[in-house]
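J.: Here it is, the structure, as C-alpha cells.
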4 protein chains.
Amino acid sequence: MARTVGSNGPKTMEAIRKAGLRLIYTQGYEAMSLRRLAAEVGIQAGSLYNHITTKQDLLFDLIKVHMDELLERLDQALDGIADPEDRLQAFIAFHVGYHIARKREVFICYSELRSLESKNYDIVVGLRQQYERKLIGILDDGVASGRFTVADTTVAAYGILAMLTGVCTWFKPAGRLSKEEVTGIYTGMVRHGLVRTVDAPAVAEAT
Amino acid sequence: MARTVGSNGPKTMEAIRKAGLRLIYTQGYEAMSLRRLAAEVGIQAGSLYNHITTKQDLLFDLIKVHMDELLERLDQALDGIADPEDRLQAFIAFHVGYHIARKREVFICYSELRSLESKNYDIVVGLRQQYERKLIGILDDGVASGRFTVADTTVAAYGILAMLTGVCTWFKPAGRLSKEEVTGIYTGMVRHGLVRTVDAPAVAEAT
Amino acid sequence: MARTVGSNGPKTMEAIRKAGLRLIYTQGYEAMSLRRLAAEVGIQAGSLYNHITTKQDLLFDLIKVHMDELLERLDQALDGIADPEDRLQAFIAFHVGYHIARKREVFICYSELRSLESKNYDIVVGLRQQYERKLIGILDDGVASGRFTVADTTVAAYGILAMLTGVCTWFKPAGRLSKEEVTGIYTGMVRHGLVRTVDAPAVAEAT
Amino acid sequence: MARTVGSNGPKTMEAIRKAGLRLIYTQGYEAMSLRRLAAEVGIQAGSLYNHITTKQDLLFDLIKVHMDELLERLDQALDGIADPEDRLQAFIAFHVGYHIARKREVFICYSELRSLESKNYDIVVGLRQQYERKLIGILDDGVASGRFTVADTTVAAYGILAMLTGVCTWFKPAGRLSKEEVTGIYTGMVRHGLVRTVDAPAVAEAT
DNA sequence: AATGAATGAGTGTTCATTCAT
DNA sequence: GATGAATGAACACTCATTCAT
C-alpha cells in the first residue's frame, strides 16, 4: 500500500521516459498500454499519473525534448564554422552521428507524428522545419556564394535528409562499418553522387 | 435487416480495401477501429467479417498485394534493358513514378511493418529484400562491368532507396515540379551528387 | 449459388439433427454455433433456416422426439407384463438398454433442460414426469399388492432412476461388462442392495 | 468515476464468486454474461477484471475450491473410523449432507465439466476420481475383510454416487423429509436394496 | 433448397484515467 | 508517491437470424 522502499520521484520519471521510449519504438504509441509501461517501471498503472498528465503528453514530451536537443546540438556542431562546404560537412557528420546514437528517438519522431494531437503536431512539425531550414540555409549560402551547384535546393535537402536518416534503419554498431566510415561514405555520396560513371566525365553528362 | 438493395460482394470488398488503406495511412493500423472502417464502407462492423477474416489479415493483404505488384511492375519496367546505366535509370524512373502514384501503400508498407504478426512480417520483409536486391544487382553489374564507381554497393543502394522513397512525403501532383522533373532531378543527384562544388571538376575530386 | 448437386431436403434435415445432437452433446447448446452446425452438415448457416425455424426449436425438437420415443418404447417393453416384479425387471432392463444405446439424447435431455424456453421446458418436464410415474406406479402396485417393501416410493424411484441413468456416463460398449451383465448387476442392486453385509441376514437388519 | 465509497476488494471478490455460482447454476456457464454478473455485483463489466483473470478462470476457481473442500471435509468425516460398515455409513451421511448443503456447487461440478479448458478439465476429473476412489476403497476394504458382499465394486460405487447425488435435484429443505430421514432412507437402500420382495428372504434370492 | 451478404445485438476483454486510501 | 479498485467507453469479433438472389 505504501510505496516501495527506495523508489523516488525523479528516478521514477526517468524510468518512465526510458521505458516509454523503448515501448513506443518497438510497439508503437497506440499499441503501448500504460499498464505495460507501468509494469516495466515496476509500479501500478494508476501511479503513472503522479508523473505524467496523459499518455499523449508523455509522447509529446519525448518528442519535444528530443527535437529541442537535436536543434541545440546542431547549433553547437555548426558553431564557429563559416564556409558552406565545411558547414555541409559538419551537418552530415552531426546528423549521421546523432541519428546513430538516438535511433529510437529519431524513429518515433517520424513514425508517431500522426499520433500527436493537432496542437502538438504543429509544434513538432515546426521544430522539424527549423531543422530542415538549417540544411537548406547551408545549401542556399553555398549557391549564393557560387560555391555549390545544386539541381534544386529543396529537393536536395529532402534527399540528403532522407538518405542520411535512413542510416537508423540498418546501422549496427558492431557491423562491418564504423560510424566514421559511414559518415565518410555518405559525405562522398552527397558530394559526388551515389553511383558514378567511370570513363565519362560526370560534368559532361550532367543534365 | 437483410442486405441493402444494390450492394454486393466484390464491390464491398473493394470498398473495404480502399477505405482500409486510407484509414491505416492517416491513423495507423492500431488506431483504426473496425467500426470506423465499417462506417466508411457503409455497413455494420460485424458485416466486415463476411469479407475479411481478421483485422490483421486485412493489413497483411493490403501490404502483400502491394509488394507483389511492386515486384511485378519493376520486372516489367526493367524488361529488355541490359545496360546497367540504362537499368539504373529505369529503376529510378520506375521507383519515383510508382511511389508517387501509390504513396499510401508505400507508406504503410514501411510504417506498419511492426504491426504485422511475425509470420506475416517475415514474408513482407522477404519481399522487400527481393526488391532491394534488384537494385543492388544493378549496381553490382555496373561495378563488375567496370562501368560504375560505387563507394559501397549496399550503402549506396540503401541510400538511393531512402532518398527516392522520401519523395512520397513531400511530392504534390499540383506542386511546382512535375513527376518527370522530379525523376530527372533524382537521377542527376544519384549520378553526380546532391551538392557539387562548382569550380573544381567533380572528376578531379573523385575518391 | 444453386444448391449442391445431390443434396435434398429430408436428407439434409436428418443430417442437421444428427450433427446437432452430437454438437450439443459435446459442446452444449449455448456453445454450439449454427455456423459450426451448418459447416458440419456442409451447407451455409443461412440455409439451415430452410429446415429449422430457430435454434431453440431444434433443441426442443431433439428433446421432444426423444422423450416421445422413450415413452413409447417403454410402453412396448412393459406391454403384456402384469406382475409388479416382472414389470420392475422389465423396466430396469429397458432403461439400461435404452440409455446405453442413446446416451447422447439422454444426456442432453438432462443437461439442456435449462436451455429450454419456459413453454418448452414445461412440456419436457411433463413428459419426464410421465416416465417417472411409470416407475412409481410399478412400485406402488407392488406395495399395494403386498409384494414389495419400499422405504419411500418416491425416493426409491428417484434413486433407481439416478442410479440407472448413471450408466450413460461410464458404460463403454467394448468394456469389461456387456449390456446384459450390467443389467443383471443393476437389477440385483435394486432388489438386494448395493452393498450387503455378509453374515447378518439383510432382512433382520431392515429399518 | 472512482470507486463507490465503502466498496472494497475482498468483499467484491466474494460477491463475484457468490453471484457467479448462482448464475452458472441457473443459466449455465456459457449463457452467463459477464455484464450480467457484474450487474448483480453492482459494478461495471470491466471492473470484474480487477478480481478475476478470465471468465474461464472464475469457473475453474469455483469448481476447484469446491472439490478441494469436498475432499477435505470427507477426510474429516471419515477420520478415526476404521470399520468398513461404519465408514460406508459415514460416507453416505456425509455425501448426502454435503450435497444437500451445496447443491449448486455440486451441480456445476457435473454440468460444467465440458466448459473447462482441457488443462482445467484434467485437474478436476483427477480430483473427482480421488473422491470416487475413497468410496471404492471402503467397498474394497469391506470385501477384503469378508464383511461386504458386492456384485461389482466399481459399478456399485458409481451406482451409490449417482443415487446419492440425485438428492440434489429433488431435495427441498422445507419438504416432507428431513435431511436425517433422507440419509436414513438412502442408507437402507444402499444396504438392503431399493425395492425388496417381501416374502422371500433377500439372501436366498441373491445372484 | 442453397447462397452470400447483411443486420443489430451481444460477447469477453482492454483501455486510459480517476481517486479514496 | 504508491496502491487497488473503480469507471465508461471502446475494442475485435461472434452470434442467430433475415432475405434478395
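The values are calculated or read from the model by the stated rules, or taken from the named source; none is laboratory data. Small disclaimer: the values here were computed from a predicted structure and weren't measured. Using ideal geometry, Cβ is built from the backbone for each residue, glycine included, and neighbour counts are taken over all protein chains shown. Please note that ligands, DNA and RNA were not included when accessible areas were found on the heavy atoms of the full protein model with its side chains. Shrake-Rupley method; radii C 1.70, N 1.55, O 1.52, S 1.80 Å.
J.: Using helices alone, I'd like the mean residue ellipticity at 222 nm for the protein assembly as shown: each DSSP H run of four-plus residues gives -39500 (n - 2.57), total over residue count, nearest 500.
T.: Working: 40 runs with 560 residues, N = 828.
Helix-only estimate at 222 nm: -22000 deg cm²/dmol.
J.: Grab the alpha carbons of the protein assembly as shown, take their convex hull, and tell me the volume per residue in Å³. Spell out each step's value before the answer.
T.: Numbers: hull volume 214.9 nm³, N = 828.
Each residue corresponds to 260 Å³ of Cα convex hull volume.
J.: When we measure straight from the Cα of residue A:134, which aspartates and glutamates land under 15 angstrom away, once same-chain ones fewer than 8 places off are left out?
T.: A:68, A:69, A:72, A:75, A:79, A:83, A:85, A:86
J.: Determine which residues of the range B:153-170 fall in the zone a paramagnetic label at residue A:134 would reach in this model, i.e. backbone nitrogen under 12 Å from the point 7 Å along Cα→Cβ.
T.: Under 12 Å, as judged by backbone N against the label point of residue A:134, lies no residue of the range B:153-170.
J.: Starting from a label point 7 Å past Cα on the Cβ side, list the distances from residue A:173 to the same position in the other copies, nm, shortest first.
T.: Nearest to farthest, the other copies are at 4.6, 7.0, 7.0 nm.
J.: Going by the rotation axis that takes chain B to chain C, pick out the residue of B with the closest C-beta and quote the gap in whole Å.
T.: B:46, 3
J.: Apply the a/c threshold of 1.5 to the C-alpha gyration tensor of the range A:1-120 and tell me whether it is rounded, prolate or oblate. Could the numbers behind the result be given before it?
T.: On the way: a/c = 2.83, a/b = 2.14, b/c = 1.33.
Taking the square roots of the gyration eigenvalues as a ≥ b ≥ c, the range A:1-120 is prolate.
J.: Give me the 1.4 Å probe accessible area per residue for the protein assembly as shown, excluding ligands and nucleic acids, in Å².
T.: Details: 40470 Å² over 828 residues.
That works out to 49 Å² per residue.
J.: Now for a separate question. HN-Hα J couplings of the range A:133-150 from phi, Karplus 6.51/-1.76/1.60, θ = phi - 60°, integer Hz, Gly and Pro as x?
T.: 5, 4, 5, 4, x, 4, 5, 4, 4, x, 5, 4, 7, x, 8, 10, 10, 10
J.: According to the square roots a ≥ b ≥ c of the eigenvalues of the Cα gyration tensor, what is the shape class of the range D:1-52, taking rounded for a/c under 1.5, prolate for a/b larger than b/c otherwise, and oblate for the remainder? Please list the in-between numbers first.
T.: Working: a/c = 2.46, a/b = 1.83, b/c = 1.35.
In terms of gyration-tensor shape, prolate.
J.: Using modelled amide H (1.01 Å from N, peptide plane; none on Pro or chain starts), what sits under 5 Å from the amide H of residue A:149, excluding residues fewer than 5 places away?
T.: For residue A:149, whose amide H was placed from the backbone, the distant partners under 5 Å are B:196, B:197, B:198.
J.: Among C:82, C:38, C:156, which one shows the biggest mean-square fluctuation in a GNM of chain C, springs joining Cα atoms closer than 10 Å?
T.: C:82
J.: Total Å² of accessible surface buried at the A-B contact, 1.4 Å probe, nearest 100? Please report the intermediate quantities before stating the final value.
T.: Values: alone 12290 and 12260 Å², together 20250 Å².
Counting both chains, the buried surface is close to 4300 Å².
J.: Once phi is turned into θ = phi - 60°, what whole-Hz ³J(HN,Hα) does the Karplus curve with 6.51, -1.76 and 1.60 give for every residue of the range B:167-183, x standing for Gly and Pro?
T.: Values per residue, Gly and Pro as x: 4, 4, 7, 10, 5, 10, x, 8, x, 5, 10, 7, 4, 5, 4, 4, 4 Hz.
J.: Sticking with this one: Per residue of D:166-172, how many C-beta atoms from partner chains lie within 10 Å of its own C-beta, taken as a mean? Could the numbers behind the result be given before it?
T.: Values: counts 9, 4, 1, 3, 4, 2, 0.
For peptide D:166-172, the averaged partner shielding equals 3.
J.: Okay, moving on. Could you tell me the relative contact order of chain D? Use alpha-carbon pairs under 8 Å, at least six residues apart, and round to a whole percent.
T.: 21
J.: Pull up all non-local amide H partners of residue A:177: gap of 5 or more, or a different chain, and H-to-H distance under 5 Å with H placed in the peptide plane.
T.: When sequence neighbours closer than 5 places are left aside, there are no close amide H contacts.
J.: Taking the C-alpha atoms of the range B:111-207, how large are the radius of gyration and the largest Cα-Cα span, Dmax, in Å?
T.: Expressed in Å, the Cα Rg and Dmax of the range B:111-207 come to 16.9, 54.
J.: Still on this model: So the label point sits 7 Å from Cα along the Cα-to-Cβ vector; using that for residue C:33, what distances do you get to the other copies, in nanometres, sorted shortest first?
T.: 1.7, 2.2, 2.3
J.: A follow-up question, please. Going down the list A:18/A:64; A:103/B:172; B:55/D:119; A:11/A:179; B:55/B:119, which pairs span over 20 Å between their C-alpha atoms? Write out the running numbers ahead of the final one.
T.: On the way: A:18/A:64 15 Å; A:103/B:172 29 Å; B:55/D:119 30 Å; A:11/A:179 32 Å; B:55/B:119 15 Å.
Table pairs above 20 Å Cα-Cα are A:103/B:172; B:55/D:119; A:11/A:179.
J.: Could you work out which residue, out of D:114, D:128, D:17, moves most in a Gaussian network model of chain D, that is, has the largest mean-square fluctuation with Cα springs under 10 Å?
T.: D:114
J.: Further question: When each pair of different Cα atoms in the range C:115-166 is counted once in the 1/r mean, what is the Kirkwood radius in angstroms, to one decimal? Don't jump to the answer; show the numbers that get you there.
T.: On the way: mean 1/r = 0.0821 Å⁻¹.
12.2 Å is the Kirkwood radius here.
J.: Output, in nm with one decimal and in ascending order, the distances from the residue A:121 label point to the matching label points of the other copies (7 Å from Cα along Cα-to-Cβ).
T.: Ordered by distance, the counterparts are at 2.7, 5.1, 5.5 nm.
J.: Here is a follow-up. What is the local net charge at residue B:104, summed over the other residues whose Cβ is closer than 12 Å to its Cβ (Lys, Arg +1; Asp, Glu -1)? Before the final figure, lay out the partial values.
T.: Working: positive: B:17, B:18, B:22, B:102, B:103; negative: B:105, B:112.
Neighbourhood net charge equals +3.
J.: Per residue and in Å³, how big is the convex hull formed by the alpha-carbon atoms of chain D?
T.: Values: hull volume 31.5 nm³, N = 207.
Considering the Cα atoms of chain D, their hull volume per residue is 152 Å³.
J.: GNM on chain D, C-alpha springs below 10 Å: top fluctuator among D:53, D:165, D:197?
T.: Highest fluctuation among the options: D:197.
J.: Accessible area of the range B:55-205 with a 1.4 Å probe: how many percent of it is carbon plus sulfur?
T.: Numbers: 3300 of 6460 Å².
Answer for the range B:55-205 is 51 percent, counting heavy atoms of protein chains only.
J.: Please list 3J(HN,Hα) in residue order for the range A:158-164, calculated via the Karplus relation 6.51 cos²θ - 1.76 cosθ + 1.60 where θ = phi - 60°; whole Hz, with x for glycine and proline.
T.: Whole-Hz 3J(HN,Hα) from phi for the range A:158-164: 4, x, 4, 4, 4, 5, 5.
J.: While we're looking at this one, here's another question. Name the shape class, rounded, prolate or oblate, that the alpha-carbon gyration tensor gives for the range A:62-172, where a ≥ b ≥ c are the square roots of its eigenvalues, rounded holds for a/c under 1.5, and otherwise prolate holds if a/b is larger than b/c and oblate otherwise.
T.: Values: a/c = 1.80, a/b = 1.59, b/c = 1.13.
Prolate.
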